[in-house]
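Peer 1: Attaching a single structure in structure tokens format; questions to follow.
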Amino acid sequence: MANELREFLSTLKEKLNIIDVAGSYLTLDRRGGTYWACCPFHHEKTPSFALNESDQYYHCFGCGESGDVVKLVQNMENVEFMDAVKILAERANLPMPKTNFDNQQTIEAKRKKDAVLKILNETAHFYLNTLNSGKADKFIDYILLRKIPSNMVRKFGLGASLNFTDLPHYLLDKGFSKSDMLESGVVSEANGRLIDTQADRLIFPIINAMDEVIAFGGRKVEKVDFGKYKNTRDTIVFNKSKSLYNINLLKKLKKEQTISNVIFVEGYMDALSLYQAGFTNVVASMGTSLTQDQARLIKRYTDNILSSYDGDGAGQKANLRGLDIFKNNGLNVKVVLLPDGLDPDDVIKQMGAEEYRKRCENAVPLIDYKLRVAQSGFDLDKPDDKRKYVSEAIKIIKTADSAAEQEDLLKQLRSISGITFEALKRDLNTQPETQPQKPITVERKDNSTMYDKASRFVIASYLFGARYTVDEDLSEIKFLNGVHRIIAKYIITQKTLEEKVRPGELLEFFEDGSQEFSELSRVLDYSEGEQLKGEVAEKYFFDCLKTLRLAEIKSRITDVKGRIELESDVEIRKNLAATLQSLIIQEKKIKSGERK
């Protein structure tokens, strides 16, 4: 890392507090000198994500994720390193240095990304101006038909595309290259000609949490035999499985207030209609299947989801396919029940915002919704259908999180089916155990040897200032693990300079994602709790020292024995034998319990 960048980052971090930055993404709970939160990088119910204010770093004791304030923003915003630096520089009101810190490959990638974003932004303005040009009557008529007021048109940046050719000509006149235009996804090439990929559609700009236009959705306003909606293809700035419509306004809402829940709808019009009616906590999936990335994105803003897909059979099945993804990523899921054949926009238009609000308040838990959907597929007046429904319902109830919930659901099933509670209970108990999808977690496999664990505990004891290390000389300990040697050198250097040992500074020494960084994370696992305190920890420390010293002595003994076997000179063999005898005596002393 260039010295100029290192100095700038140092200044930037001095101006920022990782607690304040993390607090804009997570709900923090202070316990002692540490702030805790549920980890944003893996699913958990008990917070194991710790933020160290004095050393300005975070560490998750569950999945091992560690980093400083820059890495936190990089991961939370899903941006590159320098983009995270820019976000923080703006937050700190600190101008970015003019020096370019990137290599040639990074410079070209950054140039391409910047060019694509400029094209997308320019395209958004083009579509907006086209809508207001006086030539887009059919799109204006559609907007009026859907009762979208002008302030919502402006807020969501709605636009129009009249044909295949106007946009490509406009962008070329603006000086954009053909390759960058194709890279942006707003144009494609057909028979050697550039064409607008959203031709003859009402345009919905898709904006990310950074307030950047990253793609467009287009809707045909007349009846067509093919899909009414079309998104621009995935690009270097847009991945529809990782994006949500209206996430930019949801982020602004979070800065103004706590978001108790997020309403999740299927498309642009539903999101726009709900927002207009006052439900500003809404996002849309843009018609794609729900994904883990989308679930994690929502979890940055709330733990509670109100799913509000269409009230028809297709909408219900789409709900079921995706809602387990939300649940398995730690979100509390409820479903807003809508009348058959109506989507959220229809309910708002036909029944009013207050009716929709009541339906949100009466949203049902996911498992209750599954039972409703299952029931809708059977005619309970027919004995055969009723038996099939009861069998299906029992399977669903078996997946309930607790015995109390199972009992309550069985009582509901008794009322619907007329079958006794005892009979239903017996069927439930004989039902094979289901294998529910496990929560999305990050498993940290640890195949460490006894020596590795001993070395880790010893270096952690020095790093975090365990009292029993005071009389022990760190420089005399030989570590085989390169990470532990680097940590030891850092500690010794800091103490020589009479500077404070700051564990967070070590995060800059190792490449993120490397085996070395993973080992550092294991050492940081000792930064909280009682693991390094008390008589038990002290005894274990000296047992670990013994393990390390024995390993070193045995290695030296093996080396000397090998040299003796290969040596032909009698005098040298005699000296080596004396050395071997001395090492064997040292080994016995260590085994007998002598500390040094």
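The values are calculated or read from the model by the stated rules, or taken from the named source; none is laboratory data. These numbers come from a predicted model, not from an experiment. Heads up, the Cβs are rebuilt from the backbone with ideal geometry, glycines too, and the neighbour counts pull from every protein chain shown. Protein only, heavy atoms only, side chains kept; ligands, DNA and RNA dropped before computing areas. Shrake-Rupley method; radii C 1.70, N 1.55, O 1.52, S 1.80 Å.
Peer 1: Between Asp83 and Arg573, what is 0.36 nm times their sequence separation minus the Cα-Cα distance? Round to one decimal in nm. Write down the numbers at each step before the final one.
Peer 2: Numbers: separation 490, 0.36 × 490 = 176.40 nm, distance 6.33 nm.
So the extension gain works out to 170.1 nm.
Peer 1: While we're here: Expressed as a rounded percentage, what relative contact order does the stretch 330-389 have, with Cα pairs under 8 Å and six or more residues apart?
Peer 2: Worked out over the stretch 330-389, it gives 32 percent.
Peer 1: Greater than 20 Å separation of Cα atoms is the criterion. Which listed pairs, Lys113/Lys178; Lys478/Lys500; Lys255/Lys299, meet it?
Peer 2: Lys478/Lys500
Peer 1: With each label point set 7 Å from Cα along the Cα-Cβ vector, what nm distance links Asn121 and Lys135?
Peer 2: Placing both labels 7 Å beyond Cα along the Cβ direction yields 2.5 nm.
Peer 1: Compute the Cα gyration tensor for the stretch 471-568, then decide on rounded, prolate or oblate, letting a ≥ b ≥ c be the square roots of its eigenvalues: rounded whenever a/c is under 1.5, prolate when a/b is larger than b/c in the other cases, and oblate in all that remain.
Peer 2: prolate
Peer 1: Can you send over the carbon and sulfur percentage of the accessible area for the chain, probe radius 1.4 Å, protein chains only?
Peer 2: Answer for the chain: carbon and sulfur cover 48 percent of the accessible area.
Peer 1: With unit charges on the beta carbon (Lys/Arg positive, Asp/Glu negative), name the residue among Ile397, Ser150, Ser10 whose Cα is farthest towards the positive pole of the charge dipole of the chain.
Peer 2: Towards the positive end, the residue furthest out is Ile397.
Peer 1: Using a 1.4 Å probe, how large is the accessible area of Glu499, given in Å² and rounded to the nearest 10?
Peer 2: Here the accessible area works out near 110 Å².
Peer 1: Then there is this: Setting aside same-chain residues fewer than 8 positions from Lys220, which aspartates and glutamates have a Cα under 20 Å from its Cα?
Peer 2: Within the straight-line cut-off, Lys220 pairs with Asp137, Asp141, Asp166, Asp196, Asp200, Glu266, Asp270, Asp310, Asp343, Asp345, Asp346.
Peer 1: Could the peptides 500-506, 68-74, 170-176 be put in order, highest first, of the mean number of other beta-carbon atoms found within 10 Å of their residues?
Peer 2: On the way: 500-506: 18.3, 68-74: 21.7, 170-176: 14.6.
Highest-to-lowest ranking by the protection proxy: 68-74, 500-506, 170-176.
Peer 1: What does the charge dipole of the stretch 260-396 about its Cα centre add up to, to the nearest 20 debye, if the Cβ of each Lys and Arg holds +1 and the Cβ of each Asp and Glu holds -1?
Peer 2: On the way: 18 positive and 20 negative charges, 117 e Å.
Taking the Cα centre of the stretch 260-396 as origin, the dipole is about 560 debye.
Peer 1: Using R₀ = 30 Å, calculate the FRET efficiency as 1/(1 + (r/R₀)^6) where r is the Cβ-Cβ separation of Ser475 and Leu28; round to 0.05.
Peer 2: Step by step, r from the Cβ atoms, then E = 0.20.
Peer 1: On a 22 Å Cα-Cα criterion, which of the cross-link pairs Lys539/Lys588; Lys13/Lys110; Lys86/Lys252; Lys495/Lys554; Lys118/Lys155; Lys223/Lys334 come out too long?
Peer 2: Table pairs above 22 Å Cα-Cα are Lys13/Lys110; Lys495/Lys554; Lys223/Lys334.
Peer 1: For Glu354 paired with Thr46, estimate the spin-label separation in nm (one decimal), with each label point 7 Å from Cα along the Cα-to-Cβ line.
Peer 2: 4.7 nm
Peer 1: Determine the per residue accessible area of the stretch 486-596 with all protein chains present and a 1.4 angstrom probe, expressed in square angstrom.
Peer 2: Ligands and nucleic acids excluded, the figure is 65 Å² per residue.
Peer 1: While we're here: So what is the 222 nm mean residue ellipticity for the chain from helices alone, if each DSSP H run of at least 4 adds -39500 (n - 2.57) and you divide by all residues, rounding to the nearest 500 deg cm²/dmol?
Peer 2: -16000 deg cm²/dmol, from helical runs alone.
Peer 1: Toward the positive end of the charge dipole of the stretch 108-235, about the Cα centre and with charges on Cβ (Lys, Arg +1; Asp, Glu -1), which of Leu128, Gly185, Val224 goes farthest?
Peer 2: Val224
Peer 1: In addition: Show which aspartates and glutamates lie in cross-link reach of Lys591 when reach means a straight Cα distance below 16 angstrom and same-chain residues fewer than eight apart are skipped.
Peer 2: Asp543, Glu552
Peer 1: Taking the alpha-carbon centroid of each part, what is the distance from the stretch 532-596 to the stretch 4-77 in angstrom?
Peer 2: 43 Å
Peer 1: Relative to the first principal axis of the alpha-carbon coordinates of the chain, what is the inclination of helix 450-463, with its axis defined by its Cα atoms, in degrees from 0 to 90 and to the nearest 10?
Peer 2: 90 degrees
Peer 1: Another question, if that's okay. Mind checking the full-extension length gain between Ala109 and Ser514? Use 0.36 nm per residue of separation minus the Cα-Cα distance, one decimal, nm.
Peer 2: Taking 0.36 nm per residue and subtracting the Cα distance, the gain is 143.5 nm.
Peer 1: How far, in degrees from 0 to 90, does helix 482-496 lean away from the longest principal axis of the Cα atoms of the chain, to the nearest 10?
Peer 2: Helix 482-496 and the main axis of the chain meet at about 70 degrees.
Peer 1: I would also like to ask the following. Which peptide among 375-383, 327-335, 200-208 comes first, and what is the full order, when sorted by highest mean count of other Cβ atoms within 10 Å?
Peer 2: Values: 375-383: 11.6, 327-335: 20.6, 200-208: 23.3.
With the highest mean Cβ count within 10 Å placed first, the list reads 200-208, 327-335, 375-383.
Peer 1: Which value results when the Cα radius of gyration for the stretch 1-116 is divided by 2.2 N^0.38 Å?
Peer 2: It is 1.16.
Peer 1: To the nearest 20 Debye, how big is the dipole of the chain about its Cα centre, given +1 on the beta carbon of each Lys and Arg and -1 on that of each Asp and Glu?
Peer 2: 360 debye
Peer 1: Work out the FRET efficiency for Ser415 and Thr258 from their Cβ-Cβ distance, taking R0 = 41 Å, and round it to the nearest 0.05. Can you show the working numbers first?
Peer 2: On the way: r = 38 Å, r/R0 = 0.92.
Efficiency, from the Cβ-Cβ distance: 0.60.
Peer 1: With a 10 Å radius around each residue's Cβ, average the other Cβ atoms per peptide and rank 121-129, 302-310, highest first.
Peer 2: Details: 121-129: 19.4, 302-310: 22.2.
Per-residue mean Cβ counts within 10 Å order the peptides as 302-310, 121-129.
Peer 1: With r defined as the distance between the Cβ atoms of Ser10 and Glu212 and R0 fixed at 30 Å, what FRET efficiency is calculated, to the nearest 0.05? Kindly include the intermediate steps, with their values, before the conclusion.
Peer 2: On the way: r = 28 Å, r/R0 = 0.94.
Given R0 = 30 Å and the Cβ-Cβ separation, E is 0.60.
Peer 1: About the Cα centre, and with charges only on the beta carbon of Lys, Arg (+1) and Asp, Glu (-1), how big is the dipole of the stretch 1-129? Nearest 20 debye, please.
Peer 2: Taking the Cα centre of the stretch 1-129 as origin, the dipole is about 160 debye.
Peer 1: When Lys and Arg each count +1 and Asp and Glu each count -1, what net charge do the other residues less than 11 Å away from Asn78, Cβ to Cβ, add up to?
Peer 2: Local net charge: -1.
Peer 1: Can you tell me, using C-alpha contacts under 8 Å and at least 6 residues apart, the relative contact order of the chain as a whole percent?
Peer 2: It rounds to 9 percent for the chain.
Peer 1: Follow-up question, since we're still on this one. Which one of Phe326, Ser555, Thr420 has its Cα pushed farthest toward the positive end of the charge dipole of the chain, where Lys and Arg give +1 and Asp and Glu give -1 at the Cβ?
Peer 2: Thr420
Peer 1: Quick one: accessible area per residue over the stretch 9-114, 1.4 Å probe, rounded to a whole number of Å²? List each step's numbers first, then the result.
Peer 2: Values: 5280 Å² over 106 residues.
I get 50 Å² per residue for the stretch 9-114.
Peer 1: Find how much the distance from Asp559 to Ser289 grows on full extension, using 0.36 nm per residue of separation minus their present alpha carbon separation; answer in nm with one decimal.
Peer 2: Here the answer is 91.0 nm.
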